[in-house]
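This report concerns only the one structure given below.
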Amino acid sequence: MRGHESLWTLLRGSAALGARIVAAYCAGFLILVPFTGIFAPFIIIFAIYLSWPLPIAALCIGVAFQRSLHAHLLAWCRVAPFVVALSYLLLDYGGVLERRGTSLTEHILNRATLERTALALVCSTVAAWVFFRIESKHQVACEDETHL
């Protein structure tokens with residue numbers, strides 16, 4: 001019975017971590033609201049639709065490296081926005097432009113590409129900050145429970 005309890009605890013903890021990752025991911029898009037006005041909900045939904053592989057990857061990485069994430073939270077949150085921006089850049093290139101014969105260098109030097117990548121970096125930075133705040137509070141709450 002003990003093995004099932006530890007498996008249940010692991011799954012429950014992973015689901016809770018996943019929920020915190022998704023909440024931070026969605027909060028990252030709130031930075032778009034001042035720039036897009038009343039169109040913000042539509043743009044945010046479209047952006048989430050286009051970038052769906054990134055939160056799936058974040059969930060998988062977060063669950064797989066959960067202990068490391070908790071032990072080195074600040075380092076993970078500092079590196080994650082750059083990984084997301086690079087992933088977005090490569091996903092953007094691999095989509096339509098690769099079939100048009102555009103080289104990766106031309107793609108990176110394109111102003112529109114740089115603007116979209118900068119936006120991905122800003123949104124992921126906000127998401128990383130929100131995740132850091134949420135996860136820090138969660139870790140403090142967990143530590144308080146264990147000391148009682």
- Task: Go through the stretch 90-136 residue by residue and tally those that are at pLDDT 80 or above and among the basic types (K, R).
- Result: 3
- Is it true that A23 is in contact (Cβ under 8 Å) with a residue 40 or more places away in the chain, surrounded by fewer than 16 Cβ atoms within 10 Å (Cβ to Cβ) and assigned to a helix (DSSP H, G or I)? yes
- Task: Determine the pairs where a residue that is more than 12 Å from A80 (Cα to Cα), located within the stretch 49-61, has a partner that is buried (at least 16 other Cβ atoms within 10 Å of the Cβ) with Cβ atoms under 6 Å apart, the partner being 6 or more residues away or on another chain.
- Result: L59/G18; L59/I21
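Take the conditions β-branched (V, I, T) and surrounded by 13 or more Cβ atoms within 10 Å (Cβ to Cβ) and apply them to I38. Does it pass?
Numbers: β-branched (V, I, T): yes; surrounded by 13 or more Cβ atoms within 10 Å (Cβ to Cβ): no.
Judged against the criteria, I38 is not a match.
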- Task: Quick one: which helices (runs of 4 or more DSSP H) lie wholly within the stretch 33-148 and hold at least 1 residues that are among the charged types (D, E, K, R)?
- Result: 66-71, 73-95, 104-109, 111-147
- Task: With the condition kept exactly as written, say whether any residue in the stretch 46-58 is under 24 Å from E135 (Cα atoms), at pLDDT 80 or above and surrounded by 16 or more Cβ atoms within 10 Å (Cβ to Cβ).
- Result: yes
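The values are calculated or read from the model by the stated rules, or taken from the named source; none is laboratory data. Nothing here was measured: the structure is a model prediction, and the numbers come from that model. A quick note on method: Cβ atoms are made from the backbone with ideal geometry, for glycine too, and the neighbour counts reach across all protein chains shown.
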